[in-house]
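Below is one structure; the comments refer to it alone.
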Amino acid sequence: MITPKKNKEKYKTSIIVQLVTRMMCPFIIMFGVFLIVHGHLTPGGGFQGGVIIGASFILFAMAFNRQDGRDAVPSFTLKCLASIGVYLYISIGLVGIFLGYHFLTNKAAAIAPMGMFGELLSGGALFWINLGVGLTVAVICTELFYVFLEEERSPYYLENKKKLPYQRRWLDVDKDDSV
Amino acid sequence: MKKFVPAILFTVFAFSMIVVILRFAPIGDPHLPGYAGFDHSENTEKEVWEMTKEEVVQYADSVALHYNRHSPGDTGALDIITAIIFDYRAYDTLIEATVLFTAMIGVLSIIGTKKN
């Protein structure tokens, strides 16, 4: 997580919120990674852990401002990571075909070592599938949040700013940027 | 002719679907495989109604019981839910992840962003 430096005087949130966010964000991410990599051992998995990781980035953007959060997670990187997550899943399925089994065969194909039952590196392909799904979900949560925020900078919004029936005052979007 | 062919197709498909619906098993039938099937490979001598209660419990092999018993051996996963949604139903989860990805692509293509 990038430490926020720019526009320090423009933050609208209090110092308590900023400090708690700065303290908690790494632990939230760590909890999400824990849920993802223990997906085959505990309740939880790729979807839940991914949403928690995405929530940490959203919390960061809400506590500071949008641009600092966007600097930490650029759009191009997020798109690449989402694609990597989906293709990781699909390629694990295709490995089963190339080894002579069905699509997404787990144990018979022995794509990944099965390991000892109950250990972290067990379950064969389930571990890697969880990683792919978690990466996809985390990235897509973050990306959709920022995309919906940046909609306000779209040409339609700038042309029809006065006509819109509501005024969004959340996250100092209008004052922060010279839009 | 253009109206006639869809009418015939509609009639054929609607008829077949209605026939299938009428031939459904009754809802809540305890002998359905989703509720209680029996593993006849292990016990071929007796029918279900001839078993004692202990034998019924021993040889019952419904879908839920199958997951309970065989998912650790089949998948190596400790958590049965993960074993189901990532191994037995892995296609479902793959398409779920693809749906999320498609949602992001759709939003990006409609709203779009500046390069950032």
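So which residues in the range A:42-56 are touching a residue at least 12 places away in the same chain (Cβ under 8 Å) and not in a helix (DSSP H, G or I)? Passing the criteria: only A:Gly45.
Conditions (1) under 13 Å from A:Ala138 (Cβ atoms); (2) out of contact with any His (no Cβ under 8 Å at 6 or more places or on another chain), marked per residue:
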{"position": "A:Leu19", "(1), (2)": "no, yes"}
{"position": "A:Phe27", "(1), (2)": "no, yes"}
{"position": "A:Gly32", "(1), (2)": "yes, yes"}
{"position": "A:Gly44", "(1), (2)": "no, no"}
{"position": "A:Val51", "(1), (2)": "yes, yes"}
{"position": "A:Ser56", "(1), (2)": "yes, yes"}
{"position": "A:Met62", "(1), (2)": "no, yes"}
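Does A:Ala138 satisfy the condition of being in contact with a Phe, Trp or Tyr (Cβ under 7 Å, 6 or more places away or on another chain) and either within 23 Å of B:Ala97 (Cβ to Cβ) or of a type outside the set (A, V, I, L, M, F, W, C) (or both)? No: the conditions fail for A:Ala138.
Looking only at the range B:97-113, which residues are in a helix (DSSP H, G or I) and at the interface with chain A (Cβ under 7 Å from one of its Cβ atoms)? Break it down stepwise before answering.
Going residue by residue through the range B:97-113, those that are in a helix (DSSP H, G or I) are B:97-110.
Correct list: B:Ala97, B:Thr98, B:Leu100, B:Phe101, B:Met104, B:Val107, B:Leu108.
A Cβ distance below 6 Å, combined with a sequence gap of six or more or placement on separate chains, defines the contacts here; from the range B:60-85, residues that are under 20 Å from A:Gly45 (Cα atoms) and surrounded by 17 or more Cβ atoms within 10 Å (Cβ to Cβ) reach residues that are among the charged types (D, E, K, R) and at pLDDT 85 or above in the pairs B:Thr75/B:Asp87. Only a single item in (1) over 15 Å from B:Phe101 (Cα atoms); (2) under 15 Å from the mean Cα position of the chain (by Cα) is not met by A:Gly44, and it is number (2).
Annotation: A:Ile53 fulfils all but one of (1) in contact with a Phe, Trp or Tyr (Cβ under 8 Å, 6 or more places away or on another chain); (2) crowded, with 19+ Cβ neighbours inside 10 Å; the unmet one is (1).
One residue is enough: does the range A:107-122 have a residue meeting the conditions in contact (Cβ under 8 Å) with a residue 60 or more places away in the chain, closer than 30 Å to A:Arg22 by Cα and of a type outside the set (Val, Ile, Thr)? Yes, some residue in the range A:107-122 is in contact (Cβ under 8 Å) with a residue 60 or more places away in the chain, closer than 30 Å to A:Arg22 by Cα and of a type outside the set (Val, Ile, Thr).
Would you check which residues across the range A:80-92 are surrounded by 17 or more Cβ atoms within 10 Å (Cβ to Cβ) and over 14 Å from A:Leu131 (Cβ atoms) and list them? Across the range A:80-92, there are no qualifying residues. Those helices (runs of 4 or more DSSP H) of the range A:57-151 in which at least 2 residues are farther than 30 Å from B:Ile110 by Cβ, considering only elements entirely within it, cover A:75-98, A:125-150. Across the range B:69-96, the qualifying residues are those that are in a helix (DSSP H, G or I), within 7 Å of chain A (Cβ to nearest Cβ) and more than 16 Å from the chain's Cα centre (by Cα), and the one among them that is farthest from A:Gly118 (Cα to Cα) is B:Asp74. Of the residues making up the range A:100-124, those that are crowded, with 19+ Cβ neighbours inside 10 Å and more than 8 Å from every other protein chain (Cβ to nearest Cβ) are A:Thr105, A:Ala109, A:Ile111, A:Ala112.
The values are calculated or read from the model by the stated rules, or taken from the named source; none is laboratory data. Computed from a predicted structure; not experimentally measured. Every residue, glycine among them, receives a Cβ derived from its backbone with ideal geometry; neighbour counts consider all protein chains shown.
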